[in-house]
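The values are calculated or read from the model by the stated rules, or taken from the named source; none is laboratory data. Because the structure is a prediction, the values reported are computed rather than measured. No Cβ is skipped: glycine too gets one built from the backbone with ideal geometry, and neighbour counts run over all protein chains shown. Note: accessible area is taken over every heavy atom of the protein model, side chains too, but ligands, DNA and RNA are not part of it. Shrake-Rupley method; radii C 1.70, N 1.55, O 1.52, S 1.80 Å.
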Amino acid sequence: MAQEIKSRAVTGKSKTSGAKVAVKAAKSIKTKSNAPSKLEATANLKLKGSTRKIKAPPVDLHIEEYERLQGMLMYSLMALKATVVPYSNEIAEIERLVASFSPQKAVEELAERQKSAIKFPTLIESFGKELFGSAKFEGEKKLAENDLFTLNHIPLKKGVEKRAVMFHIGGFVPYSDNLFRLLPRANFFDHFIENGIEVYEMKLKSSTTTHNAHLLELSIEKIIDTVHAFSDIAFAHCGQKMILEGYCGTGINTFTSYLADLEAMAKKFNLLLTFVSPLDARKCTLFEQMFQILNYLNPAATSLDGHIVSSSLDIIQNKNFEKTPMGALVHGWKNKEWANVENMIDLTLRQQSELAAWYWLSVKHGGYYPLSRDLYIFYTRLFMQGVGTDGALPYEYKGKTLNLNDLKKTGIQVLAFLGGNDHLVNFQTADILKPMLGAQCEIVVHEKTGHVAYIFNPNRWNKDDGRAFKPDIVETILSKLQVQAKPINKPVSLSPEPSPVSGQAGIKGKATSAATAAKKPVAVPKAVTKAKPVKTTTKTVTEKAPAKTKAVAKPAKKVDAPASATKKTATKTAAENTVAVPEPVTKAKPVKTTTKTVMVTEKVPAKTKAVAKPVKKADAPANATKKPAAKVVAVKKPASVKRAGSK
């Protein structure tokens, strides 16, 4: 017993001495290097309310590395969920189908479904690859190209009357913008050229069968510069103002391109049109989650491989399983119709769309389209930061801030179509436009409509279809074009001279101030003396013309007084337009309008003396044969004639 106690004491002593040696070693290490030792790092760490020391964990990871690790874990968990959950659902569906087979035909049914399952993946790689992006249009012609884009003119179908012109912006869309040419019988452009809207397509150069390494050079600045250059060519080719249109990820570039050069773009476009495009993209929660994951995986903000982009989209939509080879087999097994497909001619339009869609969304095809660093940074800011409270977009073009409020300077009309069932782009993403632009902007949300419904559901463009888009897309566009663009912050009627931008935004005629019109009274009688119907007017009015000489500068009061006793509409027209430019009278001869105005003035008590005095100075050289009083009324009457003509 005594020996055990002695041995324990010796052991304890040795442990104590060992601890002292360790501390001395740590101190000696500190003297050799300034870095604190791990033993000394724990010296001041204590549990709250206790004297017991605790050991601090070493921090060996940088913040970026930690975020990357966190992102990889999140990515793996979401990928597992996007695979396991759909797989479980598919197995349950297969069991339900097997249970529904009749015992007599079970063997035959299973054999047919097995054949369909094996054939479906091969059909995707053969017919699907051939069909995707295969739409061609009669008479289409390439007008221009650069390193990244081509400009194609798609004319109207034969016998269709031209009603408008549309410039389509291409660019980076997940899995490529070849989507807009999906199939010969189901594509985006057919609906426009069939209804009188000519199309100029700015298309991204890309292959549907090989890797597109040149897309790493794509940037927002190059997209904007290409829109400016190609739209100049299209405008010169068609000779009229156009619609600037973008779909999904290219829709934001309708705003960036227009805002980058307001004056020049206002001369070429009278409507901004978008389809399912994210604007205040923070409301698009799925895309926001996708870029959160990509930020974890790519903290250095470099370019991204196409496989990473496409797989990230699959994960946030829980579609990982169907992108696997087994997913294609299961889909073919569930739909036994594929067992009987031997040739392309055997396919219905629905089957063609399905095969083209499966190839478009396949992992292999998605890997052909990398995302450049510039676009990655831009879209990350768009979905993570969104549009600023002041309307500023998260991008600067050559040092210039782009702000949505600047759209009010030209009064350009804005029309946005969104889907009520779009799980990728929330239909509230464009709500930010209304408080800024008011009636200048129109937002249309189509119920029971998904993200690609405008392309994959061609029958819904037909007004007679039971599931047709309501309101009708084409008619909504054309009605929006009827609205003339006017600057909101500076009304045209108040500006002394028409600005170059507003003059090109769809405003007809010239804006002249009241002071400018008052300085040139001599020009009015000259125009009236040339028109024959005015002679009758001057004779009639000189006998019973209401006169107050000082009221010539304010003709509204002088005309409104007699108007209340006779015809308010006629006198109102005269009063509102006494300041307007009388030059258009020489072009139009509204005889009927003039005689109606004369009938009104005949019933008004006359004071001709006051009117005749000031007019003699201005009108004596213009007409020496007529009485001076006749010339006085001629000063006021052309305004009513001009108003009728301008309408």
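Of all residue pairs spaced 6 or more apart or on separate chains, those with beta-carbon atoms under 6 Å, a first member in the stretch 179-191 that is under 16 Å from residue 155 (Cα atoms) and a second member that is assigned to a helix (DSSP H, G or I) are 187/181; 188/180; 188/455; 191/461. Note on the stretch 126-172: enclosed strands (runs of 3 or more DSSP E) holding 1 or more residues that are of a type in the set (S, T, N, Q), within 25 Å of the chain's Cα centre (by Cα) and crowded, with 16+ Cβ neighbours inside 10 Å are 149-154.
Scanning the stretch 97-125 for residues that are open to solvent by 30 Å² or more (accessible area, probe 1.4 Å) and either in a strand (DSSP E or B) or hydrophobic (A, V, I, L, M, F, W, C) (or both) yields 98, 99, 101, 107, 110, 111, 118.
Taking the stretch 338-422 and the helices (runs of 4 or more DSSP H) fully enclosed by it, the elements with 2 or more residues that are open to solvent by 10 Å² or more (accessible area, probe 1.4 Å) and under 22 Å from residue 217 (Cβ atoms) are at 373-384. In the stretch 203-216, the residues that are at positive phi form no Cβ pair under 8 Å with any partner that is surrounded by 14 or more Cβ atoms within 10 Å (Cβ to Cβ) and of a type in the set (A, V, I, L, M, F, W, C), whether six or more places apart or across chains.
For the stretch 284-337, the set of residues classified as under 29 Å from the mean Cα position of the chain (by Cα), in a helix (DSSP H, G or I) and of a type in the set (Val, Ile, Thr) consists of 285, 293, 308, 309, 315, 316, listed by residue number.
Among the conditions (1) over 20 Å from residue 456 (Cβ atoms); (2) surrounded by 23 or more Cβ atoms within 10 Å (Cβ to Cβ); (3) in contact with a helix residue (DSSP H, G or I) (Cβ under 7 Å, 6 or more places away or on another chain), the only one that residue 199 does not satisfy is (1).
Among residues of the stretch 419-437 that are within 19 Å of residue 473 (Cα to Cα), none has a beta-carbon under 6 Å from a residue that is surrounded by 20 or more Cβ atoms within 10 Å (Cβ to Cβ) and basic (Lys, Arg) at least six positions away or on a different chain.
If you scan the stretch 213-225, which residues turn out to be closer than 21 Å to residue 252 by Cβ and either open to solvent by less than 10 Å² (accessible area, probe 1.4 Å) or among the small types (Gly, Ala, Ser) (or both)?
Of all residues in the stretch 213-225, those closer than 21 Å to residue 252 by Cβ come to 215-225.
Those that are closer than 21 Å to residue 252 by Cβ and either open to solvent by less than 10 Å² (accessible area, probe 1.4 Å) or among the small types (Gly, Ala, Ser) (or both): 215, 218, 219, 220, 223, 224.
Could you tell me which of the residues 111, 99, 82, 106 is at pLDDT 60 or above and within 48 Å of the chain's Cα centre (by Cα)? Quick ask: steps written out before the conclusion?
Values: 111 fails: within 48 Å of the chain's Cα centre (by Cα); 99 fails: within 48 Å of the chain's Cα centre (by Cα); 106 fails: within 48 Å of the chain's Cα centre (by Cα).
Step by step, each of 111, 99, 82, 106 is checked, and only 82 is at pLDDT 60 or above and within 48 Å of the chain's Cα centre (by Cα).
Among the conditions (1) surrounded by fewer than 22 Cβ atoms within 10 Å (Cβ to Cβ); (2) without any contact (Cβ under 8 Å) to a residue 24 or more places away in the chain; (3) farther than 30 Å from residue 267 by Cα, residue 469 misses just one, which is (1). Taking the stretch 227-255 as the range and being assigned to a helix (DSSP H, G or I), of a type in the set (Val, Ile, Thr) and touching a Leu at 6+ places or on another chain (Cβ under 6 Å) as the test, the residues that pass are 233, 254. Taken over the stretch 235-264, the residue count meeting the criterion of being out of contact with any helix residue (DSSP H, G or I) (no Cβ under 8 Å at 6 or more places or on another chain) and open to solvent by less than 10 Å² (accessible area, probe 1.4 Å) is 2.
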